[in-house]
Amino acid sequence: MRALTLVRAAAILAPLFCGAVRAAETGQSSASTVPVMTPLIADVLTAPRVVPMSDGRNHLVYELRLSNVLDGRFDLKRLVVLDAGSQRPLLALDREAIGQRSSLGGRRGNATASLGAYQFGIVFLHIILRADERIPEALVHEIEGFAEPLKADLSMQIARTPVIDRSLPVLAAPLHGGGYIVGDGCCDSIRHVRALLPLNGALRLAQRYAIDWERIDDEDRIVRGDLKDVRSYRIYGEPVLAVADGTVAGSRNDLPDQVPGALPSNLPIGEADGNFIVMDLGGGAFVLYAHLKPGSVGPGVGDHVRRGDLLGDVGNSGNSQAPHLHLHVMDSPNALLADGLPYVFEAFTNPAAVDAGTADFDHAEATGSPLRLARKTRPSAVRDVLPLDLSIVDWPAPPSKPSKP
Ligand SMILES: [Zn+2]
């Protein structure tokens, strides 16, 4: 057994901590039943799922909860995610990187790499595996840090989690045509991927794989003309299509469009999705379409819809500051009390990507300036993947209906 405890100061309590954590956590050898005190307790909110994405690689996106059980500060210095079987490191974060990916209490804006006495934080993790790289069956987290009350550096290997590698819902195009932007998509943008909410006594992340779809015109603009008029936005009013056969599990059609330019204030949380449709895809998966145009939502609860059917039009209702289609897949028909599930699109072409990141996207949306795009010389169709954040997506033309003889 490798010794992991790094006790630099002679604090009386320190030797009690972390001596055989690796063995205890990974179940190796007879030491698996040896109890070990750890200054942090940790768990993974939802076991990571393997998500094939449009870069040809597999991505794992999940949240690690770390709770400090000491009566003083614990400074995180290093976090390494390992393949629990081979002990191969898959991701290593230093103190600065931990700080950029962590938040106290899981609340946005509370970035930190230090946990105060009895505090907890959430580390939002993203691991990228090459297409030919073996998918680990399980992960474990090696954490090093300074325990202030013990005046000691400690290291522990904790929070073992399985990796779930199973087939994902395959969706058809939710929109027609080309020039759509994947806004706030997976995996390092923060507005959806880190939209963790404390609801009904639990932390929920329904929007983990959500996309805010927008559209550019032939000058690469999201909006042209009056920025306060929903009709100035290229995507406004576009038909929204059923991504699969399914049954409508929830819908709303009566909320007004917001004036673009700012998020509405004091909106009740129950109106955040605006006019919406939730469709039951079967197999425990539900898809949410949010912020639809008032009065445009066709099907109602219990209606069966077929892939490609018109569901409504893109609007700007609910918690929205510019017309867009918010789409995500989740494990419940309740759009907030749900856990976000990964999904893939059956086919699309990815001819370009936004070159300068979310800030450029936000600027283009707020001002009507053209987006700066990095175009691919020979874009080809991709299948059964999720598009990366800030990709441009062209949907395939729908199959033409057979003409009458
Ligand atoms: Zn959204």
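What does the charge count around residue 232 come to, taking other residues whose C-beta lies under 12 Å from its C-beta (Lys +1, Arg +1, Asp -1, Glu -1)?
Details: positive: 221, 224, 228, 231, 234; negative: 217, 226, 229, 365.
Result for the neighbourhood of residue 232: +1.
What is the dipole size for region 14-162, taken about its Cα centre, with +1 at each Lys and Arg Cβ and -1 at each Asp and Glu Cβ, in debye to the nearest 20?
Working: 16 positive and 16 negative charges, 43 e Å.
So the dipole magnitude of region 14-162 works out to roughly 200 debye.
Counting pairs of alpha carbon atoms under 8 Å apart in space and at least six apart in sequence, what relative contact order in percent does the chain give?
Details: 1111 pairs, mean separation 64.6, N = 405.
Reported as a whole number, the value is 16 percent.
By the scheme Lys and Arg +1, Asp and Glu -1, what is the net charge of all other residues having a beta-carbon under 14 Å from that of residue 166?
On the way: positive: 49; negative: 137, 165, 331, 384.
Net local charge, residue 166 excluded: -3.
Name the most mobile residue of 44, 354, 34, meaning the one with the largest mean-square fluctuation, in a Gaussian network model of the chain with Cα contacts below 10 Å.
Comparing 44, 354, 34 in the GNM, the peak value goes to 34.
Rg/Rh for region 134-205: what does it come to with C-alpha atoms and Rh from Kirkwood? Numbers along the way, then the final one.
Details: Rg = 19.5 Å, Rh = 17.3 Å.
Rounded to two decimals, Rg over Rh is 1.13.
Rank 223, 388, 295 by how far each Cα sits towards the positive end of the charge dipole of region 170-394 (+1 on Lys, Arg Cβ; -1 on Asp, Glu Cβ) and give me just the farthest.
388
In region 283-327, what is the volume of the convex hull around the alpha carbon atoms, normalised per residue and reported in Å³?
95
For region 170-394, what size does the Cα cloud have along each of its three principal axes, sorted from largest down, in whole Å?
Computed over region 170-394, the largest-to-smallest principal extents equal 43, 39, 33 Å.
Starting from the 7 Å offset along Cα-to-Cβ, what nm value, one decimal, do you get for the label separation of residue 199 and residue 55?
Each label point is offset 7 Å from its Cα along the Cβ direction, giving 2.9 nm.
So what's the angle, to the nearest 10 degrees on a 0 to 90 scale, between helix 357-367 and the longest Cα principal axis of the chain?
On a 0 to 90 degree scale, this one is about 40.
Report Rg (one decimal) and Dmax (nearest whole number) for region 273-405, counting Cα atoms only, units Å.
Cα radius of gyration and Dmax of region 273-405 are 17.0, 53 Å respectively.
Quick one: net charge around residue 339, please, counting Lys, Arg +1 and Asp, Glu -1 for every other residue with C-beta under 9 Å from its C-beta.
Working: positive: 204, 208; negative: 331.
Within the 9 Å Cβ shell, the charges total +1.
Identify which of 97, 347, 335 has the largest mean-square fluctuation in a Gaussian network model of the chain, with springs joining Cα atoms closer than 10 Å.
Top of the fluctuation ranking is 97.
Helix-only estimate, please: 222 nm mean residue ellipticity of the chain, summing -39500 (n - 2.57) across DSSP H runs of length 4 or more and dividing by its residues, to the nearest 500.
Working: 3 runs with 24 residues, N = 405.
Computed ellipticity for the chain at 222 nm equals -1500 deg cm²/dmol.
If you average 1/r over every pair of different alpha-carbon atoms in region 193-321 and take one over that average, what Kirkwood value in Å do you get? Could you put the intermediate results ahead of the total?
On the way: mean 1/r = 0.0640 Å⁻¹.
Here the Kirkwood hydrodynamic radius works out to 15.6 Å.
What do you get when you divide the Cα radius of gyration of region 14-162 by 2.2 N^0.38 Å, with N the number of residues?
In units of the 2.2 N^0.38 Å rule of thumb, it is 1.04.
What is the log10 of I(q)/I(0) for the chain, computed with the Debye formula using one identical point scatterer on each Cα and no solvent, at q = 0.12 Å⁻¹?
For the chain at q = 0.12 Å⁻¹, log10 I(q)/I(0) is -0.97.
Compute the FRET efficiency between residue 245 and residue 75 as 1/(1 + (r/R0)^6), taking r as their Cβ-Cβ distance and R0 = 35 Å, and round to the nearest 0.05. Before the final figure, lay out each step's value.
Details: r = 52 Å, r/R0 = 1.50.
The calculated FRET efficiency here is 0.10.
Find the relative contact order for region 94-216 and round it to a whole percent, using C-alpha pairs within less than 8 Å whose residues are 6+ positions apart.
Values: 157 pairs, mean separation 20.9, N = 123.
Reported relative contact order: 17 percent.
Relative to the Cα centre, what is the charge dipole magnitude of region 170-394, using +1 at the beta carbon of each Lys and Arg, -1 at the beta carbon of each Asp and Glu, and rounding to the nearest 20 debye? List each step's numbers first, then the result.
Numbers: 19 positive and 30 negative charges, 44 e Å.
The dipole magnitude comes to about 220 debye.
Coordinate-derived values only; no laboratory data. Note that the structure is a prediction, hence the values are computed from the model and not measured. Virtual Cβ from ideal backbone geometry, glycine too; neighbours counted across all protein chains shown.
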